């Protein structure tokens, strides 16, 4: 495996930890893109959406009219998504506008020694082995989150605390655990801060979905503890977790985030349980935001990248036939060279490949590359204090700005649909 993307991933983790630490002190409402004259505002729209997003827009109308209970959106991506600054801004704005159905899919990134979004916190009393889909050749299968954690400690616990965001209550009345279920896996008790009578997930129980256990609470929860229980000492010896889903009983938007530092389209394809577990989310819209890592190294191959996009999107469409699909292009970025950081022309090739694929397969797309100013525009974002020092990632305000742009583009597309319906 080429080492450059891995080094890039490690750098992104350091940046994301710094960014997340400062997120709670800032509101996405504090970001206004109108004062940045390098942003091409007239390009900020969802392209090719008139037919490709027609069914999704129709569902939004029904939700707006209280004739539907929920819209499920799933956003898949790389380090730009794992920090949940870009996607978190979209979630916040959509839920404030159309209703909050819960925090959605999460993963205990902190337990896996990686950066975690600001809307929840996980801790553990034990050591867990961890793997992300970038390192697909290593042990542990990968599921819905692009990450997996596993432990052999029969006394292991994970403490989950949810945090509210501005204007949004993220307490949850339903908890779903994506985990390995079989005779060799520990049972898992679900406890609150007082007792462990909330429920138990028996790994040997038969289920329609072999990776899923569900639990409803009598009252909304803000903290739970998952605790291993060795009910069969002769056979049970491990717990393997792929993700967690937090929902409430309100009408509105459930916005799931799936992000992995350093990920590319091909890494999700190689995640053996990803496609099967993704179907459980019953997504109405799936957004895919990748391409930065594919274009990070020299020698970018447009044909290879096109085929990698096709392999993943074909699998997603096959397993999620009712979901609309929207691709975003990567933003402009720089790459390392002997003389320092230089403009990266391969990102433009990556964005062109994504757009070509969308036009050929009638998919909607959002062209961040052109919206932010095109080739070399990352320098202007950095000067405006919207980007990180690596000129690949953005800072908190930069990601919030992107989230606001995407939200406005999507809502404008929705309003245009309602006018022409």
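Annotation for the stretch 128-168 versus the stretch 169-214: alpha-carbon center distance of 15 Å. Give me the percent of Cα-Cα pairs in the stretch 103-249 that sit more than 28 Å apart, rounded to a whole number. When all Cα pairs of the stretch 103-249 are counted, 13 percent exceed 28 Å.
Arranged by the count of other C-beta atoms within 10 angstrom, fewest first, what order do 393, 361, 237 take? Working shown, then result.
Details: 393 24, 361 16, 237 13.
Ranking 393, 361, 237 by Cβ neighbours within 10 Å, fewest first, gives 237, 361, 393.
Taking P(r) over Cα pairs in 20 Å bins from 0, in percent as calculated from this structure, the corresponding entry among (1) 22, 45, 29, 4; (2) 27, 59, 14, 0; (3) 26, 54, 19, 1 is (2). A Förster radius of 25 Å, combined with the Cβ-Cβ distance separating residue 218 from residue 251, puts the computed FRET efficiency at roughly 0.75.
Against the main long axis of the alpha-carbon atoms of the chain, helix 54-64 sits at an angle near 60°.
Computed from the C-beta positions of residue 65 and residue 164, the FRET efficiency with R₀ = 35 Å rounds to 0.80. Note on 78, 346: ascending count of other Cβ atoms within 10 Å places them as 346, 78, the fewest first.
Once the C-beta distance of residue 50 and residue 306 is scaled by a Förster radius of 35 Å, the resulting FRET efficiency is 0.90 to the nearest 0.05. Quick one: angle between helix 302-319 and the longest Cα principal axis of the chain, in degrees between 0 and 90, rounded to 10, please. Tilt of helix 302-319: around 40 degrees.
Counting beta carbons within 10 Å around each of 219, 302, 336 and listing the fewest first gives the order 219, 302, 336. Measure out, as a whole number of angstrom, how far apart the alpha-carbon centroids of the stretch 368-421 and the stretch 221-264 sit. The stretch 368-421 and the stretch 221-264 have Cα centres spaced 31 Å from each other. Relative to the longest principal axis of the chain, what angle (0 to 90°, nearest 10) does the C-alpha long axis of helix 396-420 take? Result, in degrees: 80.
Distance from the alpha carbon centroid of the stretch 340-364 to that of the stretch 75-103 works out to 23 angstrom.
Where a number appears in this text, it was derived from the coordinates with a stated rule and is not lab data. Bear in mind that the values here come from a model prediction, so they are computed numbers and not experimental data. Cβ: placed from backbone, ideal geometry, glycine included. Neighbour counts: every protein chain shown.
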